[in-house]
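In what follows, a single structure is set out as structure tokens and then discussed.
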Amino acid sequence: MRIAIRGFGSVGQGLAEVLRDEGDRIRREESVDVRIVAAEDSSGSAADPDGIEPAELLEAKSEGPLASGRWTASIEDVDYDVLVEATPTDVEGGEPGMSNIREALSSGTHVVTSNKAPLALSYRELTELARENGVELLFEATVGGGMPLINLSRRCLAGNEVTSIHGVLNGTCNYILSRMAVEGLSYEQVLSDAQELGVAEADPTYDVEGLDTALKLVILADAVMGLSCSYDDVEVEGITGITQEALRLAGEDNMKIKLVGTVHDSRIEVGPRLVPSDHPLDVPGVLNAATLSTGLAGDITVTGMGAGSIETASAILSDLLSIPRA
Ligand code: HSE
């Protein structure tokens, strides 16, 4: 399987690390050779139709922009089976991911993406484009990092109607609120730690103002509940107004304040909510948790690493391996 990676930041590099470290095992166990033939960052691209060793690619990236590396070919020069679209999310129009995804699908190339905005803005259009061209558009990595929600619902819960979703879907906010509550630290102090951890978005206002959770909820509502909704349908409130005093008072009542996203009765909301301390959504640090209420299987709660380079690469890898091979 030849892949091209557009967006060689935390997620793209995470995938290269996984292929460097686990490539042999994956080849052996899955009988598939996932080969990177091109990678692109904001400087340009590196490509080789015979494949680029992930270790070499990562080394070149650590030395500077990809375009100044040792490869003379570029992404336009090589053929590939799957585009891994991992450019940063931009909610104003979804570019450059939107054009990258449209272009790949239109030319009959499968797409696996971690980029939320194109899906949250144009879910119907993009899934229809994939269908018309007979290719896959897979996006487990857009929601909950390594935590499987979309594939869980589509495969393991096939036949179930998902009637509502409640989730803590932003690791940055959960990390900030957890540390403010437990250690009494200020909002600003913890936000900068979250940025250093590499969990926060390139623009952390996406996290703390609830936009990132809203994008994820829209994708879940479309993909898991079959609603036809868009980002503009979400009522959003972030965590910037949450004070240490509010967290302390909640703690006195054995409650936590969490940024919770809900889809219920076709309403999509994001906002700070009180959650009892022993509730399934009471997860610490950068963890995410989501409860899917289903018609047949009851409530299913999943907890896991909602962010992180390797964890998100895990979701991308699982999507790659699920693409039917000729
Ligand atoms: N910034 C996001 C978070 C990354 O904190 O959850 C994963 O989407």
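The values are calculated or read from the model by the stated rules, or taken from the named source; none is laboratory data. Not measured: the values here are computed from a predicted model. Virtual Cβ from ideal backbone geometry, glycine too; neighbours counted across all protein chains shown.
Note on region 80-90: among residues that are in contact with a Leu (Cβ under 8 Å, 6 or more places away or on another chain) and of a type outside the set (S, T, N, Q), the one that is nearest to the ligand (Cβ to nearest atom) is Ala86. No other residue among Ile323, Ile310 is within 16 Å of the ligand (Cβ to nearest atom) and not hydroxyl-bearing (Ser, Thr, Tyr) apart from Ile310.
When region 203-214 is limited to residues that are farther than 15 Å from Asn288 by Cα and within 9 Å of the ligand (Cβ to nearest atom), the one that is surrounded by the fewest Cβ atoms within 10 Å (Cβ to Cβ) turns out to be Pro204. Taking the condition farther than 21 Å from Ile316 by Cα and either surrounded by 24 or more Cβ atoms within 10 Å (Cβ to Cβ) or not β-branched (Val, Ile, Thr) (or both), does Ala104 pass? No: the conditions fail for Ala104.
Being under 27 Å from Val302 (Cα atoms) and more than 8 Å from the ligand (Cβ to nearest atom) is the filter here; which residues of region 175-189 pass it? If the condition is that a residue be under 27 Å from Val302 (Cα atoms) and more than 8 Å from the ligand (Cβ to nearest atom), then Ile176, Leu177, Ser178, Arg179, Met180, Ala181, Val182, Glu183 are the ones that fit. Note on region 91-120: residues that are away from the ligand (no atom under 16 Å from the Cβ), closer than 23 Å to Asp233 by Cβ and in contact (Cβ under 8 Å) with a residue 12 or more places away in the chain total 4. Restricting Gly159, Gly108, Gly144 to residues that are under 22 Å from Val260 (Cα atoms), among the small types (Gly, Ala, Ser) and assigned to a loop (DSSP other than H, G, I, E, B) narrows the list to Gly144. Of all the residues in region 1-43, those that are assigned to a strand (DSSP E or B) and of a type in the set (Lys, Arg) number 3. At least 2 residues being among the β-branched types (Val, Ile, Thr) is the threshold, and among the helices (runs of 4 or more DSSP H) wholly inside region 175-280 those reaching it are 205-208, 211-225.
For region 243-279, the tally of residues that are in contact with a Cys (Cβ under 9 Å, 6 or more places away or on another chain) and modelled with pLDDT under 95 stands at 1.
Taken together, Gly134, Gly145, Gly159, Gly198 contain a single residue that is at positive phi and without any contact (Cβ under 8 Å) to a residue 60 or more places away in the chain, which is Gly134.
The residues of region 10-25 that are surrounded by fewer than 18 Cβ atoms within 10 Å (Cβ to Cβ) and in contact (Cβ under 8 Å) with a residue 40 or more places away in the chain amount to a single one, Glu17. Being assigned by TED's automatic domain parsing to the domain that holds Leu317 and either hydroxyl-bearing (Ser, Thr, Tyr) or not in a helix (DSSP H, G or I) (or both) holds for only one residue in Ala60, Ala55, Ala46, and it is Ala46. Note on region 160-174: among residues that are hydroxyl-bearing (Ser, Thr, Tyr) and surrounded by fewer than 21 Cβ atoms within 10 Å (Cβ to Cβ), the one that is nearest to the ligand (Cβ to nearest atom) is Ser164.
Working carefully through the options Val260, Val286, Val218, find the one that is within 16 Å of the ligand (Cβ to nearest atom) and either surrounded by fewer than 17 Cβ atoms within 10 Å (Cβ to Cβ) or more than 27 Å from Ala158 (Cα to Cα) (or both). The match here is Val286.
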